[in-house]
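What follows is calculated from the coordinates using simple rules that are stated; it is not laboratory data. Computed from a predicted structure; not experimentally measured. Neighbour counts are summed over all protein chains in view; Cβ atoms, including those assigned to glycine, are modelled from backbone coordinates with ideal geometry.
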Amino acid sequence: MGVDAKAKAAVKKPAAHPNTWVFFDGDFARYNDVKLGLMTHALHYGTAVFEGIRAYWNQQKNQLYLLQAAAHYDRMKRSANVMRMTLPHSTEELV
């Protein structure tokens, strides 16, 4: 398979799991339902802010617990400020 064929095959791949969720335009949505415009700044220039948040599933309580969520969101907001991005939600709203 040539490079072009591999690239085309990769573009056609769906999300790893059909139940993958993303946060888009102020709400959670299924990955496959989100549509981005071709002129989206992040697609052209790689504009992004990333913050990883660790979570643990408690089987007995059937609950997902985020580890230090407020500290992660605060760091993400500071990183967004450096990139001159404004996050529409406060840390309290996100936690």
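Points worth noting:
- Between the entries (i) -0.58, -1.12, -1.34; (ii) -0.50, -0.88, -1.10; (iii) -0.35, -0.77, -1.10, the label attached to log10 I(q)/I(0) by the Debye sum over Cα atoms at q = 0.12, 0.18, 0.22 Å⁻¹ calculated for this structure is (i).
- Shown here is the pair-distance distribution of region 51-95: with all Cα-Cα distances grouped in 5 Å bins from zero up to the longest one, the shares run 5, 22, 24, 20, 13, 8, 5, 3, 0 percent.
- Fewest-first sequence of K6, K77 by Cβ atoms within 10 Å of each Cβ: K6, K77
- Karplus 3J(HN,Hα) series, Hz, for region 79-95 with 6.51 cos²θ - 1.76 cosθ + 1.60 (x for Gly, Pro): 5, 4, 4, 4, 7, 6, 10, 10, 7, x, 10, 7, 4, 4, 5, 6, 7
- Measuring between alpha carbons in the structure, the pairs from K6/K77; K6/K35; K8/K77 lying more than 27 angstrom apart are K6/K77; K8/K77.
- In region 23-63, trypsin sites (Lys or Arg not before Pro) in a DSSP loop with at most 15 other beta-carbon atoms within 10 Å: K35, R54, K61
- Here the contact order of region 51-95, divided by its residue count and restricted to Cα pairs under 8 Å and six or more residues apart, works out to 31 percent.
- In the chain, the calculated helix contribution to ellipticity at 222 nm averages -9500 deg cm²/dmol per residue, counting -39,500 (n - 2.57) for every DSSP H run with n ≥ 4.
- Interchain or long-range residues, amide H under 5 Å from W21's placed H: Y31
- Contact order for the chain, expressed relative to its length and based on alpha carbon pairs under 8 Å spaced 6+ residues apart, stands at 16 percent.
- Annotation for T47 and V22: the two label points, set 7 Å from Cα along the Cα-Cβ direction, are 1.7 nm apart.
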